[in-house]
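The values are calculated or read from the model by the stated rules, or taken from the named source; none is laboratory data. Bear in mind the structure is a predicted one, so any value in this text is a computation, not a measurement. Note that each Cβ is placed from the backbone with ideal geometry, even for glycine, and that neighbours are counted across all protein chains shown. Side chains are part of the model used for accessible areas, which takes the heavy atoms of the whole protein and leaves out ligands, DNA and RNA. Shrake-Rupley method; radii C 1.70, N 1.55, O 1.52, S 1.80 Å.
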Amino acid sequence: MSHDHDDRPQLTAAQAEAALKPPPGRNGGDLVIETLQGLGATTVFGLPGQHALGMFDALRRSSLTYVGLRVENNAGFAADAYGRITGEVAPLLLSTGPGALTSLAALQEAAAASAPVLAVSSQIPTAGLGGGRHGYLHELRDQQASVRDIVKSVHTVRTPSQIPSAIAAAWGSALTAPHGPVWVEIPQDVLLAGTALPVVSALDATPREVYPRPELTLVAAHLLSHAERPVIIAGGGVVRSDAAGKLRALAEKIDAPVVTTFGGKGAFPWEHPLSLRSWLEDRHTTDFLEDADVLLVVGSGLGELSSNYHTFAPRGRVVQIEADAGKLESNHPALGIHSDAREALSDLLDTVEPRTDGTAAERVRAVLEAVHDRIAAQDLTLEQQVLASVREALPDAAPSFWDMTILAYWAWSAFDARHPNTMHSAQGAGGLGYAFPAALGAAVADPTKPVLAVSGDGGAMYSIAELATARQYDLPVTWLIVDDGGYGILREYMTGAFGEATATELSRPDFVALAESFGVPAVRTTPESLTADLGTALAAPGPSVVVLPALLKMFEPTHL
């Protein structure tokens, strides 16, 4: 039996010489860092801890750029954003026990949003593994058990020679559609042990592509080609797979209106005649989607937010393209196509027959007018003015990151993300404190563009320590803090449900003075001066803070 060896990694002459004469003074930590470099990493995020010092010492001997944040959860959010912006794996170096556990909320968001984060955590010494309760510092009976429900895969190392293979396997897992966070853990003594193993140089962890089955593509194309009222729901999978161009071409070929989910913002041009925009929490949109005789759902599981809180009940045939097989038909019966969004859209585009529907654009216009009239009847001028000011101040190609705050809830539906992969929020898992550290990660990924972070005063307090990180690395992030004196959205929810709110009012600092104490320029603004103040801050180099004291309200829900 013959084998084709052409795809095997090959050594250069210099690498071969280095393999035979490895430099002295290396340890298990060097194998971690060398493996990450061999796989193509250029930047790592993290926070050192006692058990992880072998990895951090090895950074000194590498060409990797290290970005250290002040809280592990924030380091995870930064890595998440780096992965979303670049589409590359974002390594996250963590210590044992409390350090590892503090990262979990960020890894949950990365899992929900399909961000490729590779967490490498230290562990207690090998002798303490197995739940024996030896009393080591940071000891957990089973550290893996805390992460297994969150990440895509868990990889355990017990000897130095296992390190490169474990990290390469994790890397491939993180980049296999759907992207997501993965976990590698390595005991302290393995990281500190000296090694004479050759320098890690040649690794390949190219992920397997997820292609659609051709017979399913054929059926889907037939349904769409002969539909009377086809509609497309475009989710985050379209953005993650860089498929916005394919989506637009398909929509135009079959004359199908397109609505983007909150995770799919920017996947379809906002002002396009076929664009239903993102008003998924509006009953007019829900009714329109229910009326479709063929509904193509691409890169979305039609979860709570995308289904107007599970009130959406499609009456026509549903075709669902999803890279996460577990989400296929998880909420609605469908022709389920397990595939990366880009590959499936490309095959559909080649297979569908052109169709023309002279009424599609007019029907879209009618829905948007009905949505506009509903909002206009609710005395929400301030909210729309603030969101319009942010849009006016933010350069079209500049990325923005939104915390779980009222202005972000508005932005999900009403903000025009003018390019794919530029608007990101924590709506996947819904944790507070995402926006600012994520914006820092985006600025590390591409320091040539200003980055905007938007938080409420409550969410801002989760991330305030990262003002030091922003200053230390001089990152071009402008942080807009909308200060309403509490957890504004929870105040609204509780008042609506119970007549009054409890535990929502907050004492908070003078954010301007606090930012300035970190050496970060800050300004207090008004709704009238927001566009100018935000524009000035975004145009200036380095970090800045803009504080807007304002009590914003949500539009009335339609799902109750």
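Couple of notes before you dig in:
- Globularity index of the chain, i.e. its alpha-carbon radius of gyration over 2.2 N^0.38 Å: 1.01
- Rolling a 1.4 angstrom probe over the chain with all protein chains present gives an accessible area of which 53% lies on carbon and sulfur atoms.
- Debye log10 I(q)/I(0) at q = 0.13, 0.19 Å⁻¹ for the stretch 240-332, Cα point scatterers: -0.40, -0.92
- Taking 24 Å as the straight-line reach from the Cα of K265, the lysines in range (excluding those fewer than 8 positions away in the same chain) are K246, K253, K327, K449, K553.
- Table column - 3J(HN,Hα) (Hz), the stretch 464-469, Karplus curve with 6.51, -1.76, 1.60, x for Gly and Pro: 4, 4, 7, 4, 5, 5
- Formal net charge of residues neighbouring F401 (Cβ-Cβ distance under 14 Å; K, R +1; D, E -1): -2
- From its DSSP helices (H runs of at least four residues, each -39,500 (n - 2.57)), the chain gives a residue-normalised ellipticity at 222 nm of -11500 deg cm²/dmol.
- Computing FRET efficiency as 1/(1 + (r/R0)^6) for A366 and E500, where r is the C-beta to C-beta distance and R0 is 41 Å, gives about 0.55.
- Once Rg and the Kirkwood radius are both taken over the C-alpha atoms of the stretch 341-393, their ratio Rg/Rh works out to 1.23.
- Distance between the modelled labels on A325 and Q384, one decimal in nanometres: 4.8 nm (7 Å Cα→Cβ projection).
- Positive-end extreme of charge dipole, the stretch 354-412 - chosen from T359, L380, A408 (charges on Cβ): T359
- Excluding ligands, DNA and RNA, the accessible surface per residue across the chain is 40 Å² with a 1.4 Å probe.
- Backbone amide hydrogens, once placed in the peptide plane, bring V319 within less than 5 Å of L295, L296, V297, L335, excluding anything fewer than 5 places away on its chain.
- Under the combined filter of DSSP loop state and at most 16 neighbouring Cβ atoms within 10 Å, the stretch 56-104 retains none of its chymotrypsin sites (Phe, Trp or Tyr not before Pro).
- Theoretical gain in end-to-end length, T448 to T65 [0.36 nm per residue, Cα-Cα removed]: 136.2 nm
- Distance between the pseudo-spin-label points of A127 and S146 (7 Å out from Cα toward the beta carbon): 2.3 nm.
- Virtual paramagnetic centre 7 Å along Cα→Cβ of L560, amide N under 17 Å, in the stretch 296-327: 308-311
- Using R0 = 35 Å, the C-beta based FRET efficiency linking E252 and E304 works out to 0.70.
- Subtracting the Cα-Cα distance of Q10 and E271 from 0.36 nm times their residue separation leaves 89.0 nm of extension gain.
- Relative to the longest principal axis of the Cα atoms of the chain, the long axis of helix 360-376 makes an angle of roughly 90 degrees.
- C-alpha center-to-center spacing [the stretch 408-451, the stretch 307-346] in angstrom: 25
- The calculated FRET efficiency for the pair A465 and H134, based on their C-beta separation and a Förster distance of 30 Å, comes to about 0.35.
- Per-residue ³J(HN,Hα) for the stretch 47-55, Karplus 6.51 cos²θ - 1.76 cosθ + 1.60, θ = phi - 60°, Hz, x for Gly and Pro: 7, x, x, 3, 6, 9, 5, x, 5
- Those residues of the stretch 332-367 whose amide nitrogen sits under 19 Å from the label point placed on Y211, 7 Å along Cα→Cβ: 337-352
- Computed label-point distance, nm, for sites D291 and S517 using a 7 Å Cα→Cβ extension: 5.7
- Loop-resident GluC sites (Glu not before Pro) (DSSP state other than H, G, I, E or B) in the stretch 227-316 with no more than 15 further Cβ atoms inside 10 Å of their Cβ: E228, E271, E304.
- Taking 0.36 nm per residue of separation and subtracting the Cα-Cα distance, full extension of the segment from D242 to R315 would add 23.3 nm.
- Overall Cα dimensions of the stretch 64-166, principal axis frame, Å, largest first: 42, 28, 25
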